[in-house]
Every structure is written in structure tokens, then in C-alpha cells.
Amino acid sequence: MIPYGKQDIRPEDIEAVVEVLKSDFLTQGPVVGNFETAVAANTEASCAVACNSATSALHIAVSALGLGPGDVLWTSPISFVASANVARFNGADVDFVDIDPGTFNMCPDKLADKLEVADAANKLPKIIMPVHMCGQSPDMSQIKALADRYGIFVVEDASHAIGAAYDGHPVGSCRHSDICVFSFHPVKIITTGEGGIATTNDQNLADRMRRIHTHGITRDEALMAGETHGPWYYQQLELGWNYRMTELQAALGLSQLHRLSEYVDRRNMLAEAYDAKLAGLPLDLPDRLAGSRSSWHLYVVQLLEAADRRRVFEGLRARGIGVNIHYIPIHSQPYYKALGFADGDFPASEDYYSRAISIPVHPGMTEADQTAVIDALEAELS
Ligand SMILES: *Cc1c(COP(=O)(O)O)cnc(C)c1O
């Protein structure tokens, strides 16, 4: 089976992890800080806070922005459930903005319309969370301009998009957001096993995220209530979690980060070959947003008829092509339906889902692998 995504682990990655195993610190040592510094430099952000998953990083992001009961977070229905769940962790409400059918990202025009309605009803969201679906940036300058007009925070779920660029700058530079989050799950662009990171240019937000990701505890005397008891002393200032990344994970991430541009270049080559070689088939291929460069975490084709999707999906699997579907619209999950969402609420997302298939794209794919994927699609669609 040619998988839709797969990590690439090289001898130097293994050596880096083994070095940590032989060192004094498996957690809370120097390597996590080095990884944070390297990711910040790579994305042109001033601060980065590493976590044990992107879900944790999204959670500290919305928590540091004060999201709580009575607040609302808006995200895209076409994402992994974690984008919405982190708001629910804090007792906040979730709503969605439908996608642009060509890019599968939050549609700025639909956002503008929905904000106008919400403003009139005095129900504006506290946070908008656009998702970089497949590794391509949403139209962040439009989204940020709208958010600024209404005084709303922006957190980018760029789980798919480390190594991508928008407007001439790396995704993660937070030029159009308060915080940006990447995932290092093995199917993503680079991996730490499990892991994620939040970047920001706001030192106060970074400090607060760092505190929340370690139990809400500080060792900074300047922040403490009353006098320190001595060098051992810490205080818990607010409620937090243990979301720390380990040294082993950071060592793997740091080693992988050296190959980020190689990986993204290779994924772009594969995507361009798909664009060219699938153009003659009865498929809708993904649109490119002008001024952006995708990291191509996913390559999603859409069948013309939803009725064919299951047959084609099963046919491709039977031919050894490890296709997958990203994503089932979040609002259609039973958990979210129980909160009041219904089929039909976000038609572009539902139409996208009904026709989408993610075909394999990852740096270890050979030309022969890609040809096998294309041949299998041709056979299934003929
Ligand atoms: C993978 C992913 C997440 C969650 O990442 P984890 O590191 O697995 O917690 C969140 N959002 C999106 C869009 C993702 O693809």
C-alpha cells in the first residue's frame, strides 16, 4: 500500500534522539529551547512554545487569549476536530465559517457576511481560527483585516503548513495573526512523534502560553504574590496543564527541521506533477491562492459526482493506493450535532466532503509510486 502520508526518518535523526537518551535530561533540558529558537527563526516569529501535540498548542493559544465560558470561537468545518474542540475544553462555544470551494479554506467573503450578522446581534466571536487546509494558507490578510475591524483575535491552525509561505513570508511569522500553531504528528511535514508548537510575536502571550503549558506555574519572583520562600519556590498563578514537549521529541524535531525546505520542495514537485497529469481526468483539482506557496501536506482531488466517491475510494484501496478522506465536516459529528448543528448548515463544506479523496503525497514517494497512483485513478475513473 502506498500511504497517503509517511514520516521520513534518517540515521542522523536516530543519532540525535540517542544522544538525548544518553544525556542528563529527558525532559526540561536544553534541547526543547533550541528547537523553539530554531522554529521561531525558521518562521520569522519572535517566540515559540513547544508542546506535546498541536492540540495542546491550540489549547494554550486560546487559553492565553482568555477564551472561556460565554465566548465564541469560529473555525472552518473542514478541519480536524481539534480545531473546534479546544474551545469546548474551556467551556466556550464554537461556530463555523464555510469554505471557499476551490481552496477548501475559510472563505473571507462568507466570514465578512457572518461577522456583519454577528455584530448586529452582539454575538461576535472572541477568536477566529482559520485552518491552512492541505498546507495552503487561507487569505490571511483579508481575514486579519476583518478581525481587526471587529476587535477579534486570530489563531492560525497551520498544523499542515510548516514550510509554507504567504505574501513572501513563512507561515508562522504571525504577520496576520496573534498566534500560529504547527503539528509534528508523523503524517505532517516534519515530525517529533507527537508534538506541536505555537509561534507568536507577542512576548506576553508567549509567557502566558509557556506558563499554561506547565501547570500555570511560575518561578519568576516578579510575578509572585508576596515574597519568595527561597530558591525552590514556585507559585501557581492560574490553572494550566502538563503539555510540555520532551527532549527526545525536540531532538527529533530539530534534526528534521534541517530538511524542511527539502521536504516542501519535494512535495511541491509531486503536487505539480499531479496537477499536470490529472488535468485530463474527470476531477476537480485544488486551486492555488495567488501569492502563497503550499507545503502540500495533502493533495485532495474531488470527483465530479458524490455518488461515485465510495466506489472509487474502495477501488483505489484495492489497487494498493492508501487514499484517505480529510475531513468529515466537524459540525456533522454527533458531538457537534448534539450542540445544535445540522446537515445543511455549511453547504460548501458538505459538498467538498462528499466528493473529496486525499491521494498519496509525501517526500519518500518515488516517481513509480506516483505513476501507480495516477494509473489507478485513471483506471477507476474510466
Ligand atoms: C493534525 C491536526 C491537528 C492536531 O494535531 P496533533 O498534533 O495531532 O494534536 C489539529 N488541526 C489540524 C488541522 C490537524 O491536521
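What to note about this one:
- Restricting attention to the stretch 161-172 and to residues that are in a loop (DSSP other than H, G, I, E, B) and open to solvent by 10 Å² or more (accessible area, probe 1.4 Å), the residue that is nearest to the ligand (Cβ to nearest atom) turns out to be Gly163.
- Scanning the stretch 77-99 for residues that are among the β-branched types (Val, Ile, Thr) and either farther than 11 Å from His59 by Cβ or open to solvent by 20 Å² or more (accessible area, probe 1.4 Å) (or both) yields Ile78, Val81, Val94, Val97, Ile99.
- Ala250 buried (at least 18 other Cβ atoms within 10 Å of the Cβ) and either in contact with a strand residue (DSSP E or B) (Cβ under 9 Å, 6 or more places away or on another chain) or not basic (Lys, Arg) (or both): yes
- Only one of Met140, Met106, Met129 that is over 14 Å from the mean Cα position of the chain (by Cα), touching a residue at least 12 places away in the same chain (Cβ under 8 Å) and open to solvent by less than 10 Å² (accessible area, probe 1.4 Å): Met140
- Filter pass, Arg244 being more than 24 Å from Trp296 (Cβ to Cβ), out of contact with any Pro (no Cβ under 9 Å at 6 or more places or on another chain) and surrounded by 17 or more Cβ atoms within 10 Å (Cβ to Cβ): yes
- Filter result for Ser354 (in a helix (DSSP H, G or I) and within 14 Å of Gln302 (Cβ to Cβ)): yes
- Among residues of the stretch 300-312 that are farther than 13 Å from Ser358 by Cα, those with a Cβ under 8 angstrom from a residue that is surrounded by fewer than 17 Cβ atoms within 10 Å (Cβ to Cβ) and polar (S, T, N, Q), sequence gap 6+ or separate chain, pair up as Ala306/Ser354.
- The stretch 143-175, residues that are over 14 Å from the mean Cα position of the chain (by Cα) and among the polar types (S, T, N, Q): Ser173
- Of the residues making up the stretch 110-160, those that are acidic (Asp, Glu) and either farther than 21 Å from Leu289 by Cβ or away from the ligand (no atom under 13 Å from the Cβ) (or both) are Asp113, Glu116, Asp119, Asp139, Asp148.
The values are calculated or read from the model by the stated rules, or taken from the named source; none is laboratory data. Since this is a predicted model, take the numbers as computed values, not measurements. Virtual Cβ from ideal backbone geometry, glycine too; neighbours counted across all protein chains shown. When the accessible area is computed, the model is the full protein with side chains, heavy atoms only, and any ligands, DNA or RNA have been set aside. Shrake-Rupley method; radii C 1.70, N 1.55, O 1.52, S 1.80 Å.
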